[in-house]
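Since the structure comes first, as structure tokens, the remarks are kept for the end.
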Amino acid sequence: MAKVIVAMSGGVDSAVAAALLLKQGHSVQGLTLQLWHANNLDQKGIEAAQQVARQLGIPLHVEDVRETFRQEIVESFIASYLANETPNPCVLCNRALKWAQMIAFADAQGAEFVATGHYARIVATADAKFELWRASDPAKDQSYMLSNLTQQELKRSILPVGELAKPEVRAIAHSLGLAVSETPDSQDLCFLDHEDYRQFLRDYAPAAAQPGEIWTTDGRLMGTHQGLAFYTIGQRKGLPAYTEALYVLEKKAESNILIVGTASQLGNSKFLVRPVNWISGEAPALPISCDVKIRYRANLVRSTLTAIDGASVLVETEKRLRDITPGQSAVFYQDEKVLGGGIIRADGK
């Protein structure tokens, strides 16, 4: 059996992941990363993880990575919004911070593997490669959030709950009497702590709140916006009244102008992704046909991937998509397997 470091957040999924590894006979230690929060409070999650560790009889280590998290993840989040993108910091954080910290800690402890409570699967191939697959429970699948991982991380990782449905995970927690068995799933970015991202930007990036004009595509001045960072492509809420519902079509950074239009004008079927992380470590022969997801909760859409250069891929979708948003991650799937993914950089016009 192996020595495994389990990332413990204070939630039910990571608690059950640790419990399952113990049941399998592994030597388990918990690791909680203390992250930067807007209100500087992270004690509730730490205390929950400590309680679970006591119940399971395993040591728990708390690593203070607040400053690293602020510099690498929070500052990147702010910079992306100031560049008129809509970032997904969780995809970046999983590889650049969480897995990096977990593996460094595992090495210091002489542990072979790290584990988390993510809903996804890792499959070893006959040629000693490691594939990332969607979770058995499609409603909880988090493979999208892990699409930035590489062979280096996957070969050291275990995802114990990837084969389970959420009710099964809660049932295991109940059977073990774990205090976190009914902990609700987190729905917000961890560092916002239920705060609206617009207010967060006003507090930490005042430059985002630069009012400007709102124009239609046919040259009608519709009013003023409060700052381009506060709008995302496809957004309807908060726009001026018109004879038809208006949606955000484009954000013009050079002139600080928000372009809006009707539903019939919204969307595209092409966009660029750059840079691309291929899970196998090398790009497949392109062009290829596969399924693409452009947001964590988006449906898969059949698409064709074509190489533009060594770092960029052009994605052409079979149907027009209304919310292709620069800054979000596009993830490529072949059946259950994640081929890779990258950041949406342009709409391909």
Quiz item: Using modelled backbone amide H atoms (1.01 Å from N, in-plane), which distant-in-sequence or interchain residues come within less than 5 Å of His225's amide H?
Solution: Gly212, Glu213, Ile214
Practice problem: Kindly put Trp99, Trp215 in sequence by how many other C-beta atoms sit within 10 Å of each C-beta, fewest to most. | Solution: Trp215, Trp99
Self-check item: Global form of segment 293-349, assessed from the alpha-carbon gyration tensor, a/c cut-off 1.5
Solution: rounded
Practice problem: Quick one: which residues, 5 or more positions from Gln34 or on another chain, have an amide H under 5 Å from its amide H? H modelled 1.01 Å from N in the peptide plane, none for Pro or chain starts. | Solution: Glu63, Asp64, Val65
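Efficiency by 1/(1 + (r/R0)^6): what FRET value for Glu316 and Arg54, r their Cβ-Cβ distance, R0 = 45 Å, to the nearest 0.05?
0.25
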Quiz item: Using the beta-carbon distance between Gln151 and Arg220 and R0 = 51 Å, what value does 1/(1 + (r/R0)^6) give for FRET efficiency, to the nearest 0.05?
Solution: 0.45
Quiz item: Rounded, prolate or oblate: which fits segment 48-199 when a ≥ b ≥ c are the square roots of the eigenvalues of the alpha-carbon gyration tensor, with rounded for a/c under 1.5 and prolate only if a/b beats b/c?
Solution: rounded
Quiz item: What's the FRET efficiency of Ile257 with Arg345 using the Cβ-Cβ distance as r and R₀ = 25 Å, to the nearest 0.05?
Solution: 0.80
Quiz item: Per-residue ellipticity at 222 nm for the chain, helices alone: DSSP H runs ≥ 4 residues times -39500 (n - 2.57), over residue total, nearest 500 deg cm²/dmol?
Solution: -6000 deg cm²/dmol
Exercise. Quickly work out the Arg236-to-Leu300 label distance, labels modelled 7 Å from Cα along the C-beta direction, and quote it in nm with one decimal.
Key: 2.8
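Laboratory data are not the source of any read-out in this text; all were calculated from the coordinates shown. Everything quoted here is computed from the prediction, not taken from an experiment. Counting neighbours? That spans all protein chains shown, and the Cβs are built from the backbone with ideal geometry, glycine included.
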